[in-house]
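Visitor: I have a structure I would like to understand better, so I am pasting it below and will then ask my questions one at a time.
The values are calculated or read from the model by the stated rules, or taken from the named source; none is laboratory data. For clarity, every value in this text was computed on a predicted model and none was experimentally measured. All Cβ positions, glycine included, derive from the backbone under ideal geometry; neighbour counts span all protein chains shown.
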Amino acid sequence: MTKVLAENIIKRFGSVTAINDVTIEFKHAELTVMVGPSGCGKTTLLRMVAGLEDPTSGNIHIGDRVVNDVPPWHRDVAMVFQNYALYPHMTVFDNIAYPLRSRGEPKSEIKGRVEQTAASLGLGHLLDRKPRQLSGGQMQRVAVGRAIVRRPGVFLMDEPLSNLDAKLRVEMRAELKRLQEDIGVTTIYVTHDQAEAMTMADTLIVMRDGVILQAGPPQTLYDRPDNVFVAGFIGSPSMNFLPCRYEGAGCLTGRGFTYPVPPPLRAPVEAAGAQPLVLGIRPEDIGVNPQPGPADTVLARVYMLEPLGRENLLTLEVGDVMIRALSGPDIAVSLDQTVALNFLPERVRVFDRTAEKALYPDA
Amino acid sequence: MKKLELREPTIAVLFLIPAIVGLLLFYYYPIGHTLALSAYDLSHTAELSPERFVGLQNYVEVLQSKQFWSSIRFTLFFTLVAVSLELTLGMMLALSTYWVWGRLTGILRAIIIIPWAIPQIIQASIWRWMYNTDVGLIGDLFVRVGLTDAPPLFLSNPSLARWAVIVAYVWKGASVAAIFLMGGLALVPKELTDAAKVDGARSWRRFWTITVPMIMPTILVTLLFRTMAGLQIFDIIYGLTNGGPGTTTETLSSFSYKYYFKFVQYGRGSAYAVVTFLLVLIASVIYIRRVQPHFRFKGLGS
Amino acid sequence: MSKKQRQRLHIALSVVVTIGVAFFALLPLYWIVLTSLKAPGTEFRLPIRYWPDEISLEPYRTILGPDFNVQRAILNSLIVSTVTTIGALLLASLAAYTIARLRFTYKWSSLLFIQVASMLPPIIVIAPTFLIIRSMGLLGSLPGLIIPNMIYNIPLSTWLIASYFAGLPFELEDAAKVDGSPPLRIFRQIMLPLAAPGLFSAGVIAFLGSWGEFMLAFTISMGLPEAQTIPVAVQGYTMAMQRQWTWVAAAIVLSLAPVIVLVMVFQKWVVQGLTLGSAKY
Ligand SMILES: Nc1ncnc2c1ncn2[C@@H]1O[C@H](COP(=O)(O)OP(=O)(O)OP(=O)(O)O)[C@@H](O)[C@H]1O
Ligand SMILES: [Mg+2]
């Protein structure tokens, strides 16, 4: 069992606090994806798990032991670095073989393992090249190869696919996920790619400014974000936010619209009273009606229409807020036309604007 | 099986010890020893143990001697003139490698580097022969060009000897300065050095307003290194004039060496050496003050 | 002037400049080579000849013969320079690695300690060094020369190699650690090979430096042929044979040949090394 536990981790670089009291368990054999804006501390957390940085305070556990004093070369982790970190003076073969050689594996075995790994990454014909003779995507695959050639207790992957082209990235992510499941290795995976995060993660972690905002299965983060940041960060195009207030009579009122509070949310919204609130709705949960009727309470002006093929992305102005909606490909609207919007009531989320917390009936 | 495994601070200490011990033994201890020796009267004894403590008396005597003042004056004169020439010529040489027709760059660079490789003491021998009164090349050229009727006595006429030493020294020094400056110029973006090929006033202005500020760190380091080399000058003096004629070309270092190993007056010699050291120290401090804003010790920190 | 004419003029001027520089830079060497090829005694003949009339190898035969045995001094110099260079590179690369790469509290003080040494004039250490070598019983021997020389080369070599180490990405070491290598092995397998160009530059510079070193060699050799390096020998000939310049010239040519070849072959590294040392702080 090689679960990884970070316990009350604080990491400071001089006056910068990169990680601010994080406690999180990365479960055995699961793939945990970390996302968050640039500089939020993802790499720093990975490096502490690898043993490349010492936490300022707190403990790192791998398996059942505290590894704070265990140097990286004894931690049995493998890492893919954000900028590859290939050994420039070694061939692709030697790069991939390096972790095996460092651990004194027998020569005969090394050759087979390296060749097999390289083949699975489509690097078979490049084994004799030096890193500087490779493209960015090829270097990245070598970096991945160097990590997966071993069967370590933990995989740490820092944006391992960021430099591949779109097609290869989709292939590789499936490949990696498959590999991870086959060998059942605890994996911590950092990415900026929404699709990667959603498709690969068993558990998804959203970080900001050195703290974890929410952790859970990706669908949960998508459906039930704890706060405005997570709601906006997960999903693409991202969730729309309309500032509003509860002004009694069961309705949320913002500039240019009123919206009846969906029944399950009535209790928490009423409890919030006159606090400033935010209504959140995802673009895919908005119905656009080109012929507004008298009963419609949310009207919008069409600002822009971008056909994406399978669907259309509309940019709309509600009051003075721009929101986006996805509609079917055959919708007939013209610019500056006024349309009516129907929010799917069960998909509407309401947040406390000051605390940025989501309001849920059972919370 | 628990193998011997070292953590970083332990390795750091182990890695540093050999260098530090070496430097202690052959730099720092000798300096201390020299300082100590300079406070003893050791004249006419070659013995190890200091004889008689005389405090600052060696310095007082040295400071009162004409020889000292003439040698310090020559050392400073030598350094000032040599460094100015080296830097001017070096800069011209370095720039010429960028200015010339592309196919000649490599050849020119190779030619410029050669004098740098020649040991100073051998350089002294070569120039001694060049300055030979009867059949020296320089004297002959002087006569041919019509500067003089007979070959001048380069090494035995006191005022000529000073310049003779400087010329011989600068022959190599300009090459050294040029190599440093070529290194600096190599870091200037190519468009700028290419632009210098378009002759005319604009490129001259560009040189002063763009190129020079960009290679200022290199210029200052070159200045510092060459000044330090000038202040400690020994080999070429020893080989070319041995301080002569009389003591006109004696420098602090050459005098110091004579006091040590010829007159066997360690105390006096040490006093001279300490003065040399102080001059170098002052020069370094001035430069480093001046230079500091130009430098980032990139990467050497953490 | 048309563009083509201007280009022709540029080429012509370039040739003039190159020849001019070559004239001043190489004239002394030409003169010495010329002298070394004259029959002994003819070097004082007037008027001065700028071209060889007839070539005589007699000076070389003499200087390489049993009376002078200049090859012994050259061999000594080769030994001294080679051992000095290897030793200095070894010590310096260890120190440089610590300073540039390791986490270590006293790294700035160490850097200062090493670099301040490079500012010290040789004259201030020469007498005590003589005494130290004497007390070690190494006067008049090559080891007595090699040991201090090695130390003298540490500051510059350390500086050059450290600049080189500092330029390598830190992730390489991190990757190697995670890949299972402890620091000592990383030093050997990753960092040293990658710093090879820096080591090489430092090595060429150290070799040339110790080849030409005079004050220490002169002091320690005590005039014994078995401990004389080539600069000391040549200086000795110069002083002793004011009327035999063909011999001296032959000795000079032999003393310069190895270093000039070295410099020509490794030009690139020399310039690169000094660039690292001077410009890329
Ligand atoms: N060695 C260091 N010294 C000082 N500050 C550091 C260091 N490493 C990271 N930081 C700081 O810590 C914070 C977190 O950095 P980190 O590299 O972990 O971000 P990240 O989430 O990986 O960002 P990205 O998505 O851009 O890779 C940043 O503010 C960064 O500037
Ligand atoms: Mg990162």
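Visitor: Given the structure, is A:VAL80 within 25 Å of A:GLU181 (Cβ to Cβ) and among the β-branched types (Val, Ile, Thr)?
Guide: Yes: the conditions hold for A:VAL80.
Visitor: Only one of these conditions is not met by C:GLY144: (1) at pLDDT 90 or above; (2) touching a Phe, Trp or Tyr at 6+ places or on another chain (Cβ under 6 Å). Which number is it?
Guide: (2)
Visitor: Then there is this: Looking only at residues that are surrounded by fewer than 21 Cβ atoms within 10 Å (Cβ to Cβ) and hydrophobic (A, V, I, L, M, F, W, C) in region A:173-190, which one is farthest from ligand 1 (Cβ to nearest atom)?
Guide: A:ILE183
Visitor: Related question: In the set C:VAL271, C:VAL234, which member is surrounded by fewer than 23 Cβ atoms within 10 Å (Cβ to Cβ), in a helix (DSSP H, G or I) and facing another protein chain (nearest Cβ under 9 Å)?
Guide: Criteria check complete, one pass: C:VAL271.
Visitor: Tell me, yes or no, whether region A:17-38 has at least one residue that is without any contact (Cβ under 8 Å) to a residue 12 or more places away in the chain and away from ligand 2 (no atom under 16 Å from the Cβ).
Guide: The answer is no, given that none of the residues of region A:17-38 is without any contact (Cβ under 8 Å) to a residue 12 or more places away in the chain and away from ligand 2 (no atom under 16 Å from the Cβ).
Visitor: Name the strands (runs of 3 or more DSSP E) wholly within region A:1-100 that hold at least 1 residues that are among the hydrophobic types (A, V, I, L, M, F, W, C) and within 12 Å of ligand 1 (Cβ to nearest atom)?
Guide: Because the criterion is at least 1 residues that are among the hydrophobic types (A, V, I, L, M, F, W, C) and within 12 Å of ligand 1 (Cβ to nearest atom), the strands (runs of 3 or more DSSP E) in region A:1-100 that meet it are A:4-13, A:16-26, A:31-35.
Visitor: Exactly one condition in (1) surrounded by 14 or more Cβ atoms within 10 Å (Cβ to Cβ); (2) more than 16 Å from ligand 2 (Cβ to nearest atom); (3) within 23 Å of C:LEU168 (Cα to Cα) is not met by A:GLN133; state its number.
Guide: Unmet condition: (1).
Visitor: Given the criteria free of Cβ contacts under 8 Å to residues at least 60 places away in the same chain, surrounded by 23 or more Cβ atoms within 10 Å (Cβ to Cβ) and not aliphatic (A, V, I, L, M), does C:GLY198 qualify?
Guide: Taking the combined requirement at face value, the residue does not satisfy it.
Visitor: Hey, among the residues in region A:172-197 that are more than 16 Å from ligand 2 (Cβ to nearest atom) and under 19 Å from A:THR44 (Cα atoms), which one's farthest from the chain's Cα centre (by Cα)?
Guide: A:THR186
Visitor: Criterion first (at pLDDT below 95, charged (D, E, K, R), under 28 Å from the mean Cα position of the chain (by Cα) and within 16 Å of ligand 2 (Cβ to nearest atom)) does A:ASP76 satisfy it?
Guide: no
Visitor: Right, something else. Residue check, A:ALA18 against (1) hydrophobic (A, V, I, L, M, F, W, C); (2) under 19 Å from A:GLY153 (Cα atoms); (3) more than 14 Å from chain C (Cβ to nearest Cβ), all met but one. Which one?
Guide: (2)
Visitor: Of the residues that make up region A:40-52, is at least one more than 16 Å from ligand 2 (Cβ to nearest atom), surrounded by 14 or more Cβ atoms within 10 Å (Cβ to Cβ) and touching a residue at least 12 places away in the same chain (Cβ under 8 Å)?
Guide: yes
Visitor: Please go through region A:191-208 and give me each residue that is more than 17 Å from A:ALA231 (Cβ to Cβ), within 12 Å of ligand 1 (Cβ to nearest atom) and surrounded by fewer than 20 Cβ atoms within 10 Å (Cβ to Cβ), ordered by number.
Guide: Of everything in region A:191-208, those that are more than 17 Å from A:ALA231 (Cβ to Cβ), within 12 Å of ligand 1 (Cβ to nearest atom) and surrounded by fewer than 20 Cβ atoms within 10 Å (Cβ to Cβ) turn out to be A:HIS192, A:ASP193.
Visitor: Among the residues of region C:137-155, are any farther than 28 Å from A:THR43 by Cα, in the same structural domain as C:VAL263 (by TED's automatic domain parsing) and of a type in the set (Phe, Trp, Tyr)?
Guide: For region C:137-155, residues farther than 28 Å from A:THR43 by Cα, in the same structural domain as C:VAL263 (by TED's automatic domain parsing) and of a type in the set (Phe, Trp, Tyr): present.
Visitor: Against the condition at pLDDT below 90, buried (at least 19 other Cβ atoms within 10 Å of the Cβ) and either at the interface with another protein chain (Cβ under 8 Å from one of its Cβ atoms) or more than 23 Å from the chain's Cα centre (by Cα) (or both), how does C:ALA117 come out, does it pass?
Guide: Taking the combined requirement at face value, the residue satisfies it.
Visitor: Considering region C:194-208 alone, what residues qualify as being at pLDDT 90 or above and aromatic (Phe, Trp, Tyr)?
Guide: If the condition is that a residue be at pLDDT 90 or above and aromatic (Phe, Trp, Tyr), then C:PHE207 is the only one that fits.
Visitor: Could you pull out the residue among B:PHE207, B:PHE255 that is assigned to a helix (DSSP H, G or I) and modelled with pLDDT of 85 or more?
Guide: B:PHE255
Visitor: Out of all the residues in region A:28-59, which are farther than 16 Å from A:THR17 by Cα and within 14 Å of another protein chain (Cβ to nearest Cβ)?
Guide: Scanning region A:28-59 gives A:VAL49, A:ALA50, A:GLY51, A:LEU52.
Visitor: Are any residues in region C:210-241 under 16 Å from the mean Cα position of the chain (by Cα) and within 19 Å of B:ILE237 (Cβ to Cβ), and if so, which ones?
Guide: Hits for region C:210-241 are C:GLY212, C:GLU213, C:PHE214, C:MET215, C:LEU216, C:ALA217, C:PRO231, C:VAL232.
Visitor: Also, quick follow-up: Every residue in region A:152-197 that is among the basic types (Lys, Arg) and touching a helix residue (DSSP H, G or I) at 6+ places or on another chain (Cβ under 6 Å), please.
Guide: Within region A:152-197, A:ARG173, A:LYS177 qualify.
Visitor: Name the single residue that is nearest to the other protein chains (Cβ to nearest Cβ) among those in region B:130-144 being assigned to a helix (DSSP H, G or I) and surrounded by fewer than 22 Cβ atoms within 10 Å (Cβ to Cβ).
Guide: Here the answer is B:ASP140.
Visitor: Within region B:231-262, restricting attention to residues that are in contact (Cβ under 8 Å) with a residue 24 or more places away in the chain and aromatic (Phe, Trp, Tyr), which residue is surrounded by the most Cβ atoms within 10 Å (Cβ to Cβ)?
Guide: For region B:231-262, the residue satisfying everything is B:PHE255.
Here's the yes/no breakdown for (1) surrounded by 15 or more Cβ atoms within 10 Å (Cβ to Cβ); (2) within 14 Å of chain B (Cβ to nearest Cβ):
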residue: C:LEU9; (1), (2): no, yes
residue: C:VAL21; (1), (2): yes, yes
residue: C:LEU29; (1), (2): yes, yes
residue: C:LYS38; (1), (2): yes, yes
residue: C:ARG49; (1), (2): no, yes
residue: C:GLU54; (1), (2): no, no
residue: C:GLU58; (1), (2): yes, no
residue: C:VAL80; (1), (2): yes, yes
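Here is a yes/no grid of residues against (1) buried (at least 22 other Cβ atoms within 10 Å of the Cβ); (2) more than 9 Å from chain C (Cβ to nearest Cβ); (3) part of a helix (DSSP H, G or I); (4) out of contact with any Cys (no Cβ under 8 Å at 6 or more places or on another chain):
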| residue | (1), (2), (3), (4) |
| --- | --- |
| B:SER84 | no, yes, yes, yes |
| B:TYR98 | no, yes, yes, yes |
| B:ILE126 | yes, no, yes, yes |
| B:ALA177 | yes, yes, yes, yes |
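Visitor: Restricting the search to region A:103-128, which residues are among the hydroxyl-bearing types (Ser, Thr, Tyr) and under 33 Å from the mean Cα position of the chain (by Cα)?
Guide: A:THR117, A:SER120
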